[in-house]
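Engineer: Quick one: the structure is below, questions incoming.
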Amino acid sequence: MTETATASNPKHKSNAKRRCLCTCLGCGLVILLLVIVVVILAFTLFRVRDPSITVTSTRLAGVAPQVSLPSMSIQFNITLDIVASVHNPNRASFTHGSGQTNLTYRGTQVGQAVIEPGRIPNHGTGPIQLSLTVDAAKFTNNLGTLIGDVINGTIAFDTYTTIPGRVAILGFIKHHAVARSTCHVEISVSDFKVKRQDCDNDTSL
């Protein structure tokens with residue numbers, strides 16, 4: 001009789017509902033606090049910083065161009081060996097896919113090289129080595145300009161390197177990034193060495 005009365009007591013049911021509501025609110029508050037902490041960490045301690053490409057050296061391999069007159073034929077056997085590095089300043093690894101470097105002469109693409117996929121550890125730097133071979137057939141439209149550059153003693157090329165990738169924060173917050181580097185390279189015809197190299201690095205998130 002007493003147990004039945006207690007079970008059917010409205011006040012007892014109200015207390016049980018209140019305890020259940022408090023428990024749910026407590027769990028929700030804990031989850032909300034965890035989310036806030038994760039967001040704060042993502043934008044402060046784990047804030048994504050730009051990975052960067054640095055071209056450390058450009059070396060010329062091959063022979064000088066040969067221009068035959070009056071037939072205006074040209075033979076080119078030039079390879080640019082480029083050594084670069086990708087620096088990842090983040091607290092998480094930077095995983096990049098296949099990148100590429102394009103070689104242009106006065107706006108015309110005359111060579112291309114593919115950069116293999118890789119992974120740069122947190123606060124780490126990974127090396128990149130590639131060879132760009134000049135395609136002589138691509139100089140047809142700029143043959144007169146090229147002959148003039150050879151006579152003047154300097155041939156200028158531009159290299160454009162892009163490496164797409166992503167930085168994963170705490171394993172599930174992923175930020176995509178594309179690291180870019182542009183270099184202007186001037187080659188001396190007399191000794192066929194790189195006499196000047198200016199590079200500009202840029203990264204978009």
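The values are calculated or read from the model by the stated rules, or taken from the named source; none is laboratory data. Keep in mind that this is a model prediction, so the values were computed, not measured. Quick reminder, even Gly has a Cβ in these numbers, built from the backbone with ideal geometry, and neighbours come from all protein chains shown. Note: areas computed on protein heavy atoms with side chains; ligands, DNA, RNA excluded. Shrake-Rupley method; radii C 1.70, N 1.55, O 1.52, S 1.80 Å.
Engineer: Quick one: which of 30-37, 51-58, 193-200 comes out on top by average Cβ neighbours within 10 Å, and what's the full order, highest first?
Structural biologist: Listed from highest to lowest mean packing, they are 51-58, 193-200, 30-37.
Engineer: Going by average Cβ neighbours within 10 Å, how do the peptides 87-95, 125-133, 146-154 rank, with the highest at the top? Show your work: numbers first, answer last.
Structural biologist: Numbers: 87-95: 19.8, 125-133: 15.9, 146-154: 14.1.
The most tightly packed comes first, giving 87-95, 125-133, 146-154.
Engineer: Run the simple label-point estimate for His175 and Asp191 please: 7 Å along Cα→C-beta, distance reported in nm.
Structural biologist: So the label points at His175 and Asp191 sit 4.4 nm apart.
Engineer: Pulled fully out, how much extra length does the chain show between Asn142 and Thr79, if you take 0.36 nm times their separation in residues and subtract their Cα-Cα distance? Numbers along the way, then the final one.
Structural biologist: Numbers: separation 63, 0.36 × 63 = 22.68 nm, distance 1.89 nm.
Once the chain is fully extended between Asn142 and Thr79, it gains 20.8 nm.
Engineer: Please give the length that would be gained between Ala156 and Arg59 if that part of the chain were fully extended, namely 0.36 nm times their separation in residues minus their C-alpha to C-alpha distance (nm, one decimal). Don't skip to the end; give the middle numbers.
Structural biologist: On the way: separation 97, 0.36 × 97 = 34.92 nm, distance 1.37 nm.
The Ala156-Arg59 span can extend by a further 33.5 nm.
Engineer: Here is a further query. Starting from a Cα-only point model with no solvent, please compute log10 I(q)/I(0) by Debye for region 93-184 at q = 0.13, 0.14, 0.26 1/Å.
Structural biologist: -0.56, -0.62, -1.31
Engineer: From the phi angles alone, apply the Karplus equation (6.51, -1.76, 1.60; θ = phi - 60°) to region 175-187 and give each ³J(HN,Hα) in whole Hz, x where the residue is Gly or Pro.
Structural biologist: My calculation for region 175-187 gives 10, 7, 8, 10, 8, 10, 9, 10, 10, 10, 10, 10, 10 Hz in order.
Engineer: Tell me, what is the per residue accessible area of region 113-188 in Å², probe radius 1.4 Å? Write out the running numbers ahead of the final one.
Structural biologist: Details: 3790 Å² over 76 residues.
Value for region 113-188: 50 Å² per residue.
Engineer: Could you order the peptides 109-118, 18-27 from most to least packed, using the average number of other C-beta atoms within 10 Å per residue?
Structural biologist: Listed from highest to lowest mean packing, they are 109-118, 18-27.
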